[in-house]
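Accompanying notes for the structure given below.
The values are calculated or read from the model by the stated rules, or taken from the named source; none is laboratory data. Computed from a predicted model, the values in this text were never measured in an experiment. Note that each Cβ is placed from the backbone with ideal geometry, even for glycine, and that neighbours are counted across all protein chains shown. Surface accessibility is based on the protein's heavy atoms, side chains included, excluding ligands, DNA and RNA. Shrake-Rupley method; radii C 1.70, N 1.55, O 1.52, S 1.80 Å.
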Amino acid sequence: IKPLLTAICLLAGTAVIAQLSYGGQPKNWEVKTTSSDIRFERMGAIDRERLSLEDAITDQYKDIPYRFGVEFETNFNINNSGSLTTDASNRTTTWLLGLECPGALSMSIRFDEFVLPKGGQVFIWSADRKEFLGSFNHKNMKPSGVLACGLIHGDRIVVEYTCPTNFFDQSELTIG
């Protein structure tokens with residue numbers, strides 16, 4: 001019974017800390033091609049062979065945690081990267097930022113600043129348009145300002161933020 005109880009506690013704990021998304025889908029999700037207008041910022045390439053060799057060494061020591069991924073420190077935000085477009089017909093502004101990490105099996109991002117006005121929505125999607133996370137909105141804001149997002153498979157992802165144009169200046173999004 002102890003192993004069953006432990007498994008239930010682990011699953012329940014996972015549900016408590018999981019990020020919540022609030023439905024919807026990215027703009028033009030049905031269009032299954034990635035626009036050449038999206039600017040991709042390139043992270044360092046992943047050398048999986050080197051990482052496997054390193055992991056084989058550390059796996060011998062049971063007190064060292066397993067590697068989950070490779071972190072890259074960035075400072076991409078709505079003021080210094082990506083592209084902005086305004087749709088006058090529905091009075092929205094959209095920020096698109098592509099991120100690529102050659103050799104990665106999947107990618108995840110962490111917003112070091114995540115401040116959205118009501119009506120703003122963030123989606124994170126694979127450049128091949130096979131999967132997405134979101135929407136994330138003002139309900140996802142935390143006192144720390146940080147929002148860690150789940151994994152998207154592949155080595156190219158797009159961050160899409162759409163907001164009513166008259167509230168866009170109240171937005172703070174920084175991928176750290």
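So, in region 31-83, of the ones that are open to solvent by 90 Å² or more (accessible area, probe 1.4 Å), free of Cβ contacts under 8 Å to residues at least 40 places away in the same chain and under 21 Å from the mean Cα position of the chain (by Cα), which residue ends up farthest from residue 99 (Cα to Cα)? I'd like the intermediate steps shown before the answer.
If we filter region 31-83 for residues that are open to solvent by 90 Å² or more (accessible area, probe 1.4 Å), which is where we start, we get 32-33, 36-37, 39, 42, 48-50, 53, 57, 60-63, 65-68, 71, 73, 75, 79.
Those left that are additionally free of Cβ contacts under 8 Å to residues at least 40 places away in the same chain: 36, 49-50, 53, 57, 60-63, 65-68, 71, 79.
Checking which are under 21 Å from the mean Cα position of the chain (by Cα) leaves us with 36, 67-68, 71, 79.
Values: 36: 13, 67: 21, 68: 19, 71: 13, 79: 16 Å.
So, considering only residues that are open to solvent by 90 Å² or more (accessible area, probe 1.4 Å), free of Cβ contacts under 8 Å to residues at least 40 places away in the same chain and under 21 Å from the mean Cα position of the chain (by Cα), the one farthest from residue 99 (Cα to Cα) is 67.
When residue 41 is tested against (1) closer than 30 Å to residue 115 by Cβ; (2) in a loop (DSSP other than H, G, I, E, B); (3) at pLDDT 85 or above, just one condition goes unmet, and that condition is (2). The single residue among 74, 174, 93 that is outside any strand (DSSP E or B) and in contact with a strand residue (DSSP E or B) (Cβ under 8 Å, 6 or more places away or on another chain) turns out to be 74. Residues that are open to solvent by 10 Å² or more (accessible area, probe 1.4 Å), farther than 13 Å from residue 152 by Cα and part of a strand (DSSP E or B) within region 104-128 comprise 112, 113, 115, 121, listed in sequence order.
Pairs are defined by a Cβ separation below 8 Å, a sequence spacing of at least 6 or placement on different chains, a first member in region 157-173 that is of a type in the set (Ser, Thr, Tyr), and a second member that is open to solvent by less than 10 Å² (accessible area, probe 1.4 Å) and part of a helix (DSSP H, G or I); no pair meets this definition.
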